[in-house]
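First the structure, which I've put down as structure tokens, then a few questions once you've had a look.
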Amino acid sequence: MSDGTNWIFDFDSTFVRVEALDELADIALAGRADRDAVLASIREITSLGMEGRLAIDESLRRRMNLLAIHPDMLPKLVGRLVESLTPSFSRGLDRLRSMRERVWIVSGGFHEWIDPVAEAVGLRRDRVIANRLRARADGLLEIAPAASPCAVDAGKANAIRAAGVPRPRVMVGDGITDWQVREHGACERFVCLTEVVRREPVASRADVVATNLDEVLAAAGGLRESGQG
């Protein structure tokens, strides 16, 4: 592994083994008669977005519109996410902490739950690049468009460049927006992690397909030597 590699991890179905919005929906829909139907719709929209069959902004908008999110729901969500680390990441936490200056989380999710998860597991919350929520007049939460760089097409790539993440950079994720970081030149290698879910439209485009964190970290080999850094 190249000692200078900057590791950029997706969050949902990569760093954690769940989709945070699915978990939030489960919390928000508790007690509703249409809970199962709405959850199924949200999961379908998530899948369409991750496979590139639905634009990321449309995917996020549709899912958020199906929910009524109250700030009081967030601590419960954070607790669930901390307990839902992807297995190889849970086993490899000490290693990730030792690399914390070079570990980034870049997500189409939201700072409001990703930051506290990163802090809880010993990583730097100022290495999180994500979207933000804002309070509406009725107290519910909605997307804050001006503070949500990853909620648009190619948003992750642009946000990584804006943050000045140094080279060499390896992007690790499961979705089409993660591969787009490579497509738009904001990383030198894209690793498709299939530990949680394998999406063929993404795996087929990857430089490396990995089944766990050890395989991911091995994928940095040759970055400096090949001049890609």
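The values are calculated or read from the model by the stated rules, or taken from the named source; none is laboratory data. Keep in mind it's a predicted model, so treat the numbers as computed, not measured. Note that we place each Cβ from the backbone using ideal geometry, even for glycine, and neighbour counts take in every protein chain shown. When the accessible area is computed, the model is the full protein with side chains, heavy atoms only, and any ligands, DNA or RNA have been set aside. Shrake-Rupley method; radii C 1.70, N 1.55, O 1.52, S 1.80 Å.
Given a 1.4 angstrom probe, what's the average accessible area per residue across the chain, in square angstrom?
Spelled out: the 1.4 Å probe surface of the chain, per residue, equals 42 Å².
Turning to a different aspect of this structure: Starting from the Cα of E215, step 7 Å along the direction of its Cβ; do the same at E58; then give the gap between the two resulting points in nm.
Going by the 7 Å Cα→Cβ label model, 3.2 nm.
While we're here: Apply the Karplus parameterisation 6.51 cos²θ - 1.76 cosθ + 1.60, with θ equal to phi minus 60°, to every residue of the range 21-36 and state each ³J(HN,Hα) to the nearest whole Hz, in sequence, with x for glycine and proline.
3J(HN,Hα) across the range 21-36, in whole Hz: 5, 5, 5, 5, 4, 4, 6, 5, 9, 3, x, 7, 5, 9, 3, 5.
If you consider only alpha-carbon coordinates, what radius of gyration and Dmax does the range 140-229 have, in Å?
14.1, 51
Mind giving me the nanometre distance, one decimal, between the label points for R205 and I27, set 7 Å out from Cα along Cα→Cβ?
Here the modelled spin labels are 3.1 nm apart.
What number do you get for the range 1-140 when its Cα radius of gyration is normalised by 2.2 N^0.38 Å, N = residues?
1.09
Using a Gaussian network for the chain with springs between C-alpha atoms less than 10 Å apart, which of these wobbles most: I27, I114, I129?
I27
Of the listed peptides 178-187, 138-147, 155-164, 196-205, what is their order by residue-averaged count of other C-beta atoms within 10 Å, with the highest listed first?
Details: 178-187: 21.4, 138-147: 13.3, 155-164: 18.1, 196-205: 15.4.
Descending mean neighbour count gives 178-187, 155-164, 196-205, 138-147.
Summing +1 for each Lys or Arg and -1 for each Asp or Glu, what net charge is found among the other residues whose Cβ lies under 13 Å from the Cβ of D115?
Net of charged neighbours comes to +1.
Using all alpha carbons of the range 72-168, what is the percent of pairwise distances in each 10 Å bin, ordered from the shortest bin to the longest?
Cα pair-distance distribution for the range 72-168, in percent: 15, 42, 34, 9, 1.
Below 9 angstrom from the Cβ of A151, what's the summed charge of the other residues (Lys, Arg +1; Asp, Glu -1)?
Here the charged neighbours net out to 0.
A further question on this structure: Under a Cβ-Cβ cut-off of 13 Å, what is the net charge of the residues other than A130 that fall near it, where Lys and Arg count +1 and Asp and Glu count -1?
On the way: positive: R125, R127, R132, K156; negative: D10, D12, E112, D115, D126.
Net local charge, A130 excluded: -1.
Roughly speaking, to the nearest percent, how much of the chain's 1.4 Å accessible area is carbon and sulfur?
Of all accessible area on the chain, carbon and sulfur atoms account for 47 percent.
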